[in-house]
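> Right, I'll just put the structure down here and ask away after.
FYI, it's all coordinate maths here, none of it is from the lab. These numbers were taken from a predicted model, which means no experiment stands behind them. Neighbour counts run over all protein chains shown; Cβ positions are idealised from the backbone, glycine included.
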Amino acid sequence: MVLLEKAKFLEELNILFNTSQSSGSVRITMKLLLLSKKDSKDQKLKIEVPKEKVCLIRATFKNKKLSTRITADEVSSFQEEYCTLLKNSLSSLKKTKKLKKKAMS
C-alpha cells in the first residue's frame with residue numbers, strides 16, 4: 001500500500017476512476033487512525049488513540065492500493081476537493097429502473 005500526500009492521492013484517485021469506468025469498481029474506506037504498540041512484558045497489542053485525530057483514507061482498484069492521512073485541520077479543504085472529484089467521476093453510473101406496482105382492485 002502506498003501512502004501519498006493529499007494532492008497526489010486525489011490525482012491518483014482520479015486516474016483510478018478513469019480506468020475503472022470500462023470495467024471494475026473502486027473501493028474507498030475511511031476510518032479513524034489508531035496506533036498499536038506491543039507491550040514488551042505481556043507481548044500483547046495495546047491500541048491507543050492519538051492526541052490529534054487523523055483520518056486514514058484508502059482506495060483500492062484490482063491490485064492497486066492507495067492511502068493517505070488527513071488531519072482534523074485539513075478535513076474541510078480535502079472534502080471540497082474530494083466531492084468535486086466524485087461529481088466529475090461518477091457520471092457513468094447507470095440509473096436503476098423502478099418497477100411499477102399493479103393497482104389492486
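> Using a Cα-Cα cut-off of under 17 Å, which aspartates and glutamates could be cross-linked to residue 64, ignoring same-chain neighbours fewer than 8 residues away?
5, 11, 12
> Here are some pairs, 8/62; 31/100; 65/87; 6/87; which of them have Cα atoms lying more than 28 Å apart in this structure?
From 8/62; 31/100; 65/87; 6/87, over 28 Å: 31/100.
> With each pseudo-label sitting 7 Å past Cα toward Cβ, what's the residue 97-residue 28 distance in nm, one decimal?
3.0 nm
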